[in-house]
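Report on the following structure.
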Amino acid sequence: MLRACQLSKAFGGLSVLQDVSIDFHPGEVHALMGENGAGKSTLMKMLAGVYAPDGGSVAWRGQPVRFRTPNDALSQGIAMVHQELMPIPDLSVGENLLLGMEPTNAFGWVDQAALHTQASAWLQQLDTDLDTRRPMRSLSVAQMQVVEIAKALARQADVLLMDEPTAALSDHEVTALFKAITTLRQRGVAVVYTTHKMDEVFRLADRISVLRDGRLVCTKAALEFSADSLIAHMVGRELAQIFPPVTTTPGETVLAVEQLTREPAYRNISFTLRRGEVLGLAGLMGAGRTEVVSALYGLQPAASGTIRLRGQTLDLRSPIDGLAAGLAMVTEDRKGSGIVPAMSVQHNLTLAALRQFCRGAVIDATAESSTTHKATGDFAIKASGPGQAINQLSGGNQQKVLLARALLTAPAVLILDEPTRGIDIGAKAEIYALIGRLSAQGTAVLLVSSELPEILSLTHRILVLRQGELSAELAPRQTNQEEILRHAMPR
Amino acid sequence: MTATTSPALDRNLLHRLGIVAVLFVIAGLLSVLTDSFATASNLTNVARQVSINGILAVGVTFVLLTGGVDLSLGSVVALSGVACALFAHPGEYPLFVPICVGLLTGGLCGLLNGVLVTRGGIAPFIVTLGMMTVARGLALIFSGGKPVADMSPDLTGLAGDLGPVPIPLICFAAVAVLSWLFLGRFRLGRHLYAVGGNEQAARAAGVSVPKVKLFAYGLCGLLTGLAGVVLAARITTGQPNAGQAYELDAIAAVVIGGTSLSGGVGSVLGTVLGVLLIGVINNGLDLLSVSSYYQAVIKGVIIVGAVWLDRRQARS
């Protein structure tokens, strides 16, 4: 039905997709797998008319087509749900859902009653009961996803492209989304989606295409893959072990947090962090994990409580104070509070530690560029050069730049908030190895993650947050995912 | 920077080459169409005319880079000019006093803009719109509504020449070169781009966002003060009604020069080229004796057209 014929695309001379040909069939869930930078998003965006191909073509119902805009593709029945959702927050669910196709009355005014009836009908097709009069901003990410999918349904989409729809979802939200996707498949919609979560692929996909370094490795029925063989295809080598063994023994206490409180997000948070220790912070979305670590870095100061670093009480009012004290953080929102998109890789990399490369107020260009050169090597950052704009890099490479940015400040405590979200296995393994190395060098790491295998395998100790309160401290080698979840679930 | 060029840089280069080409085409046309364009006296005149807009445009480049805007330029030019003229009567104070008074007046207005934007959390558009009326009102109050005349020849001499080069042009060139160095080489310059490019990310990376913005508005104000002094010297009075709509020419020049109104992207070199383009067009229309009514229309069309071409280039 939809066919990619030898599609190629390059950004700034760096080829990101080469000669990729794939057929997509109605009533089939087709997963695109590959590491970050393999070209999955680029391929989808070309199918959806976001990018024009540099070479090759897209064929739709047997005819070659050239979409100029996403709207072109949409009018032909190809809809895309983007990795970053783009709802209009102040409009209602119904208005968002039927945007541009609102039912009107005889005067040409929007017929509100009909709008909400129609919108609920579409949502019910996805087994979702949602008040369509609620403002979009009040929805959870998962609910927004479902509205986006209903939006595609309402436009009679025959093909639905989804770029990592589950990256920001919790487990039970994923289940709801999968139900919706299954409904779509039954209705004969071709679903194309990308993910980094192995278990999902095998639960959902009928066929899998693996991309590596911009080329198609293979397209096969999902049944023909095992988890191991899929990973091997993706990285081009067997990954003997993703997680490095935890070998270091933590030293003296570096960070001591007492009675940290900021209502209503969190209260009475007390814990210590030792030299070389990796401390995991687990919990559901909205449990206050990000808020707590943001307070430790000065991003969102706590209302009360004390934070002591090497015995010294800190007054953290902004990240400037955090950095000066020897704390560094990689935030969970790569796009929102991580990269500066218009700046180059080099300028992003050195932003936090710029003072080190300055004589007085003047930047020492030689020192800056040699540090960049070293860091791009150390962190295996794939870019065409230090001057490349960072928004042309894959998510995994952007994340590595941000890690390098934080580590250039030589922190005593490194806070990582969901450091592997939306990142492929290869980049994940690199980040896991890095955490191991940092710990061995004596850096204390505070790791917030929704991926429990990560928390279980990488840390010395696990703290669980439930609705803004610490609910448990667990030893990773003596616990399991179920126990963590039991402590994390609201009561 | 290493020798590796990025697509972004290539695009900037292309953009500049585009403006330079347009500049040459227009200059070429004018030399053919008129006898007077390509004469030394006319070109010196153009240089003198673009200098004031140039100083303002470079100043407001800093503000636009942070994602802000300054609509008070024209009024602050008038206020600084009046303040300067009040202290410039012959035999009263040494030359540096009126100059400093002019600069400080502009600088204070800029700082006040900056404080209201950062501390007050009010949108730059509103803050500087307010400053636009307040500064104009103050200029009228301090001057009693009449031009402040009787300025010492020392000060009006600032509009003269140093050898063959007009002094205002020297001021503009110095401001442009120093700003170019500042944005490219100084930590604070880098921070300006970071704040304009992604304020949240800049804050998370330890950049003091309020300090950076305060600096941008303050410096813009200081340069506006300088423009006010130069203008007063040129018209030999502190004219409370001077500088009407100067902010529009300045912002137009910056935008034509490739600076993004949403911040984070832009350069002094682009601004300088934008200033020259607007200056040559103004001069050309004068020489061709196009009526000022038509001049306004033509200029507007050129500004929008230039930006439209640029954005089209950016998309492809």
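The values are calculated or read from the model by the stated rules, or taken from the named source; none is laboratory data. Note that this is a predicted model, so its numbers are computed, not measured. Counting neighbours? That spans all protein chains shown, and the Cβs are built from the backbone with ideal geometry, glycine included.
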Failed condition for residue A:292, given (1) touching a residue at least 40 places away in the same chain (Cβ under 8 Å); (2) within 14 Å of another protein chain (Cβ to nearest Cβ); (3) more than 18 Å from residue A:408 (Cα to Cα): (2)
All positions within the stretch A:109-157 that are surrounded by fewer than 18 Cβ atoms within 10 Å (Cβ to Cβ) and part of a helix (DSSP H, G or I): A:112, A:113, A:114, A:117, A:121, A:124, A:125, A:137, A:138, A:141
Enumerated helices (runs of 4 or more DSSP H) restricted to the stretch B:129-213, each holding at least 2 residues that are within 14 Å of another protein chain (Cβ to nearest Cβ) and either among the aromatic types (Phe, Trp, Tyr) or surrounded by 15 or more Cβ atoms within 10 Å (Cβ to Cβ) (or both): B:167-185, B:187-197, B:199-204
Residue in the stretch A:180-191 that is over 20 Å from residue A:282 (Cα atoms), assigned to a strand (DSSP E or B) and not assigned by TED's automatic domain parsing to the domain that holds residue A:449 present: yes
Helices (runs of 4 or more DSSP H) contained in the stretch A:216-333 and holding at least 3 residues of a type outside the set (S, T, N, Q) and not assigned by TED's automatic domain parsing to the domain that holds residue A:439: A:227-235
Every residue from the stretch A:342-389 that is within 23 Å of residue A:320 (Cβ to Cβ), of a type in the set (A, V, I, L, M) and more than 10 Å from chain B (Cβ to nearest Cβ): A:349, A:367, A:375
Hits in the stretch A:175-208 - residues which are under 25 Å from residue A:21 (Cβ atoms) and aromatic (Phe, Trp, Tyr): A:193, A:202
Unique match (being more than 22 Å from residue A:212 (Cβ to Cβ) and either at pLDDT below 90 or of a type outside the set (A, V, I, L, M, F, W, C) (or both)) among A:397, A:391: A:391
Test: residue in the stretch B:215-237 that is within 14 Å of chain A (Cβ to nearest Cβ), part of a helix (DSSP H, G or I), farther than 23 Å from residue A:399 by Cα and among the charged types (D, E, K, R): no
Answer from A:371, A:366 - the residue that is in a helix (DSSP H, G or I), surrounded by fewer than 15 Cβ atoms within 10 Å (Cβ to Cβ) and among the β-branched types (Val, Ile, Thr): A:366
Selected residue [in contact with a helix residue (DSSP H, G or I) (Cβ under 6 Å, 6 or more places away or on another chain) and either of a type outside the set (Phe, Trp, Tyr) or facing another protein chain (nearest Cβ under 9 Å) (or both)] from A:427, A:440, A:433, A:406: A:427
Boolean, residue B:242 is in a helix (DSSP H, G or I) and more than 14 Å from chain A (Cβ to nearest Cβ): no
Test for residue A:359: is it touching a residue at least 60 places away in the same chain (Cβ under 8 Å), over 29 Å from the mean Cα position of the chain (by Cα) and surrounded by fewer than 22 Cβ atoms within 10 Å (Cβ to Cβ): no
